[in-house]
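To start, the structure itself, in structure tokens.
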Amino acid sequence: MRVTVLPRLAMAATLLATSAWARRDGGTEPRDRTEDKACLECHSDKELETDLDSEEVLSLTVEADTLARSVHSDVDCTECHTDLKGKGDDHKPKPFPTRREFTIRYSEVCKDCHFQNFTRSLDGVHHGLQAKGKTEAAVCADCHGSHDMGKPSEPRSRISRTCAKCHEKISKVYIKSVHGSALQEEENPDVPSCTDCHRAHDIIDPRLNAWRLETPQMCGRCHTNEKMMAKYKLSTKVLSSYLQDFHGATIELQKGAGGGKPLTALCTDCHGIHDISKVDAPNSKVMQANLVETCRACHPTASADFPAAWLSHYEPTLKRAPLVYLVGLFYKFLIPFIIGSLILQIALHLWRVVVNR
């Protein structure tokens with residue numbers, strides 16, 4: 001293993017940049033960054049690198065300006081590199097076999113300050129894969145970076161770009177969707193990024209039945225928000241109307257019975273997952289011209305007029321499905337009348353029995 005250190009240039013400017021960093025404890029007095037400056041005397045060299053046993057070359061350069069802009073600008077170097085505290089420039093490079101092992105090993109340091117998120121990640125799909133020996137699964141540094149950490153949601157599109165580093169195929173589909181395009185092009189705060197649906201640290205395997213059964217409520221978090229939906233002239237009745245029809249009622253009963261593989265259509269079966277489009281777009285799965293093909297995914301013998309039996313997510317009115325509306329209105333009067341008449345008949349019968357005695 002070797003370390004290459006070339007002549008250091010512009011060191012004075014680097015040290016001045018580091019002297020302005022804030023105090024982590026909120027104090028107003030300048031912090032003592034002597035040790036950090038000593039680190040940067042070597043690590044600001046743009047050609048500082050080390051050879052690993054895997055014959056990979058690992059850059060050891062840390063840009064002072066990048067570190068100063070990081071959310072960790074108030075963290076001393078040795079708060080993460082705890083094994084190097086007090087050693088100055090006497091320390092030797094660590095013998096990591098591969099770049100990947102280097103990244104995984106240093107990601108474990110995050111738990112010292114971010115223990116709550118670390119414990120959440122233990123329940124996540126990424127940690128589960130790591131535990132099975134699949135070292136390519138994401139760890140803290142893969143998503144958040146190391147010396148260049150920024151706020152993960154500034155801008156919000158940064159989240160989906162981060163996920164795209166591993167999930168490239170899914171990202172390409174998502175970017176073309178109604179949600180993804182609005183996020184990438186407009187930074188629209190109303191559309192979901194990856195973590196809005198999948199969560200951040202405790203990401204659940206989306207192939208699990210328990211997660212799939214919860215997708216109606218997940219979609220409903222946004223689509224029942226009256227203020228948000230009013231901007232786009234979308235109905236807020238999508239969840240309630242879904243739960244009232246055969247599909248939604250079946251899912252709710254199934255969840256109550258202990259889960260299992262979904263027995264009927266979920267939101268994602270009709271609208272898509274990462275490829276959701278506007279309902280009136282030519283490629284929309286729920287557009288009237290395409291709806292029968294969508295239905296045939298579950299109902300292979302569905303005829304051309306099969307979708308006409310479904311009222312969509314709209315409540316029946318005199319303008320929309322007037323017959324269904326009038327039948328419903330008729331039963332709203334008929335059922336109370338029948339029940340009321342039955343109660344009256346029983347009451348009169350009991351009164352007659354009492355009087356005759």
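Every read-out reported here was derived from the displayed coordinates using simple, explicitly stated rules and does not represent laboratory data. Note that this is a predicted model, so its numbers are computed, not measured. Note that we place each Cβ from the backbone using ideal geometry, even for glycine, and neighbour counts take in every protein chain shown.
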Can you work out which of the residues in the stretch 176-189 that are within 19 Å of G272 (Cα to Cα) and within 15 Å of the chain's Cα centre (by Cα) is surrounded by the most Cβ atoms within 10 Å (Cβ to Cβ)? L183
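For the structure I just gave you, tell me whether A308 is among the hydrophobic types (A, V, I, L, M, F, W, C), free of Cβ contacts under 8 Å to residues at least 40 places away in the same chain and assigned to a loop (DSSP other than H, G, I, E, B).
Numbers: among the hydrophobic types (A, V, I, L, M, F, W, C): yes; free of Cβ contacts under 8 Å to residues at least 40 places away in the same chain: yes; assigned to a loop (DSSP other than H, G, I, E, B): no.
In short, no.
Name the residue, out of T250, T195, T301, that is out of contact with any strand residue (DSSP E or B) (no Cβ under 9 Å at 6 or more places or on another chain), of a type outside the set (K, R) and under 29 Å from E168 (Cβ atoms). Can you show your working first?
Working: T250 fails: under 29 Å from E168 (Cβ atoms); T301 fails: under 29 Å from E168 (Cβ atoms).
Just a single option satisfies the conditions, and that option is T195.
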So, in the stretch 311-320, how many residues would count as being in contact (Cβ under 8 Å) with a residue 40 or more places away in the chain and among the aliphatic types (A, V, I, L, M)? 1
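Mind listing whichever residues of the stretch 72-116 are part of a helix (DSSP H, G or I), among the small types (G, A, S) and surrounded by 14 or more Cβ atoms within 10 Å (Cβ to Cβ)?
Residue satisfying the conditions is S107 alone.
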Hits in the stretch 49-71 - residues which are within 30 Å of E154 (Cβ to Cβ), in a loop (DSSP other than H, G, I, E, B) and touching a residue at least 40 places away in the same chain (Cβ under 8 Å): L60, V62, E63, S70, V71
